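Scroll down for the structure; my scribbles are underneath it.
The values are calculated or read from the model by the stated rules, or taken from the named source; none is laboratory data. Everything quoted here is computed from the prediction, not taken from an experiment. Positions of Cβ are backbone-derived with ideal geometry, glycine not excepted, and every protein chain shown enters the neighbour counts.
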Amino acid sequence: MAAKEVSSGVFEITERGGKQLATKNLVHGMSVYGEKLIEIEGCEYRIWNPKRSKLAAMVIKKFNIPIKRDSKVLYLGAASGTSVSHVSDIVSDGIVYAVEFSQRTMRDLIGLCDERPNIVPILADANRPQSYAHIVEEVDVIFQDVAQPNQSEIAAVNAKQFLKKDGHLLLSIKARSIDTAANPKKVFKDEVRKLENDFDVGFEVLDSRELMPFHEDHLGVMARVRN
Amino acid sequence: MKIITWFGTLTLDDGGKVVEWDMFSKDTDALAERLIQPKEADMDIPPAGFDIRAAAIECGFVASDDEYDNLLRDVSIRAAKKQISSGTPDMGIIQAVEALDDIDETANTLSERLAEWYGMYFPEVGLSSEPLARFVAKYGSRSNVSPDDRLYEKATSSMGAELTGLDEELVKGFAENICTLYDSRSRLEEYLVKSMETTAPNLVNIAGALIGARLVSMAGGLEKLARFPSSTIQVIGANRALFKHLRARAPSPKHGIIFNHPQIKNSPWWQRGKIARALAAKISLAVRMDVYSGGGLNESIKTELDAKIESIKATHPKPPKRESKGGSGKGKGEYKNKNKMQNKKAGGRR
């Protein structure tokens, strides 16, 4: 068994010929959602399944993930916190602001926050950044996985309020939640064009790739604010 | 400009520098309260690019980055816990509806098993589901059936095998378990009726308690249901048919779960779509009355609905004439010419 760092804090573990993604466990011995724990050379790793996480799929799809050890991350659409827990592993010296709108999933998320020192849970609507602007500071990375029809607008208003000038936006666009009927390729094109032109924050799209075969009809996008 | 942050209020000069500040007390619980309700008169949110962490340290609220992180984390967790613990009655209704569905599913599966199993010993019993479970739980072996039971004759002359000893104990116990499920089902229904009558009297008056509860559950809450347009209410529960309609050239669904309303179910097919539309319109009015005008039953909606349904029935007493072939029972004569590709059947309830 060997662990190779493929992106800051993200490791590729080779075990019996198979390769798996993993992050270094911040809380020793704790498995968050039933994922496997593997110990290599005194270090405990948590297996990270790309089918359950858009961000993990983006790592495998060779996005140059800008999240570092000391990054501040605003995570929109945190849900129950499966992916958030891995981001929390990666930013061991940073902080994750996890925004989620559903009370039900917030219940699980709070359980996770209780276990981990670097997650700040926020029960709020990502459409209204003004409702949490008194809590969240400027961040290095905004990760967004909200599956809303106005995704790109949500990204824009949040980037405007919270993203550092040289910060990055990571976005997972779900075609089916924007238009159930239209061709996904066309939806992706429209959304990227919107990101570039439609809002008072213009984005420069650095990279975009579909997240097949891990997530169907999802486009991963990495962008930064155009100055 | 005065801005509010989670740790205090700050006054900024035009250059964005903090010139005055008023820190809150450093009590986690009090800070959590403020976090949820930050609205204070003439306060702005921090301008984009303002470093609230640096401000907290500069104003002496916290001494270090670490302290900032820890305190903010504690306060946010406390605040989030406060926010999710405020349950409303419609949340109870949603859980009850889902529990009802789970029980139905389970009870059906178990009843089928019981029918197969007990059939070995008394194939002539002719009962199923709840009556069968009650029968088996009461008697066990058919040799115990009392002479005044109407199945006595059949029980004595049955060609089934003898049910004795351990087998009888097992089958009987199994049936008793199913009976408990049915008991709990009727308790849930009672609860739903009562709870719906107090939280949404007008909805109950128009749609009935159980359909009403189901609508609330599918919408995700009473208030959410009140915000739905009536066209949505008309097709809630017909998701598959609706998306097929939007995606392909399937006909639009006429009714979702409101189909179970006796006024629709018991009407002939060509009136159903029209009645569904009228019913949905009145349901959405009724829910809004329940949510926004605070209690009290208003009979006028019901009267109007009844009048409307009467007039639909009076103007469309006969089925519309069908066009040559295809006629797949869509009923909406006025749509036929417009959309000749109607021969695909929609997936859900139409």
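With respect to the conditions (1) outside any strand (DSSP E or B); (2) facing another protein chain (nearest Cβ under 9 Å), B:L71 falls short on a single one, namely (2). Only a single item in (1) outside any helix (DSSP H, G or I); (2) modelled with pLDDT of 90 or more is not met by B:S252, and it is number (2). Any residue in segment A:26-47 that is more than 28 Å from A:R107 (Cα to Cα) sitting within a Cβ distance under 6 Å of a residue that is in a loop (DSSP other than H, G, I, E, B)? List the pairs, counting only those 6 or more apart or interchain. The qualifying pairs are A:I40/A:M1. Can we say B:A79 is farther than 30 Å from B:G15 by Cα and either under 41 Å from the mean Cα position of the chain (by Cα) or modelled with pLDDT of 95 or more (or both)? For B:A79, the condition - farther than 30 Å from B:G15 by Cα and either under 41 Å from the mean Cα position of the chain (by Cα) or modelled with pLDDT of 95 or more (or both) - is met. Considering (1) more than 9 Å from chain A (Cβ to nearest Cβ); (2) in contact (Cβ under 8 Å) with a residue 60 or more places away in the chain, the lone condition that B:S64 does not fulfil carries the number (2). The residue list A:E191, A:E216 contains one member that is farther than 22 Å from A:D166 by Cβ and either surrounded by fewer than 19 Cβ atoms within 10 Å (Cβ to Cβ) or within 17 Å of the chain's Cα centre (by Cα) (or both), which is A:E216. Can you name the residue in segment A:28-52 that is farther than 19 Å from A:F214 by Cα and in a strand (DSSP E or B) and, of all such residues, is nearest to the chain's Cα centre (by Cα)? Among them, the one singled out is A:Y45.
Within segment A:155-171, is even one residue closer than 22 Å to A:S102 by Cβ and part of a loop (DSSP other than H, G, I, E, B)? No, segment A:155-171 contains no residue that is closer than 22 Å to A:S102 by Cβ and part of a loop (DSSP other than H, G, I, E, B). Among the residues of segment B:242-297, those identified as surrounded by fewer than 21 Cβ atoms within 10 Å (Cβ to Cβ) and within 14 Å of another protein chain (Cβ to nearest Cβ) are B:F243, B:K244, B:L246, B:R247, B:A248, B:R249, B:S252. Within segment B:179-207, the set of residues being closer than 13 Å to B:I103 by Cβ, in contact (Cβ under 8 Å) with a residue 40 or more places away in the chain and surrounded by fewer than 22 Cβ atoms within 10 Å (Cβ to Cβ) comprises B:C179, B:L181, B:Y182, B:S184, B:R185, B:L188, B:E189, B:Y191.
Selection within segment A:97-127: residues that are in a helix (DSSP H, G or I) and in contact with a helix residue (DSSP H, G or I) (Cβ under 8 Å, 6 or more places away or on another chain). The member of this set that is modelled with the lowest pLDDT is A:Q103. If you filter segment A:128-152 down to residues that are assigned to a loop (DSSP other than H, G, I, E, B) and away from chain B (no Cβ under 12 Å), you find that the one that is nearest to A:I95 (Cα to Cα) is A:D145. Of all the residues in segment B:157-197, those that are at pLDDT below 90 and in a helix (DSSP H, G or I) number 2. Here is the figure for segment A:92-112: residues that are closer than 18 Å to B:I36 by Cα, within 17 Å of the chain's Cα centre (by Cα) and within 7 Å of chain B (Cβ to nearest Cβ) total 1. Among the residues of segment B:75-127, how many are assigned to a loop (DSSP other than H, G, I, E, B) and within 14 Å of chain A (Cβ to nearest Cβ)? So the answer is 4. Just one of the listed residues (A:G77, A:G94) is under 21 Å from A:S172 (Cα atoms) and modelled with pLDDT of 90 or more, and it is A:G77.
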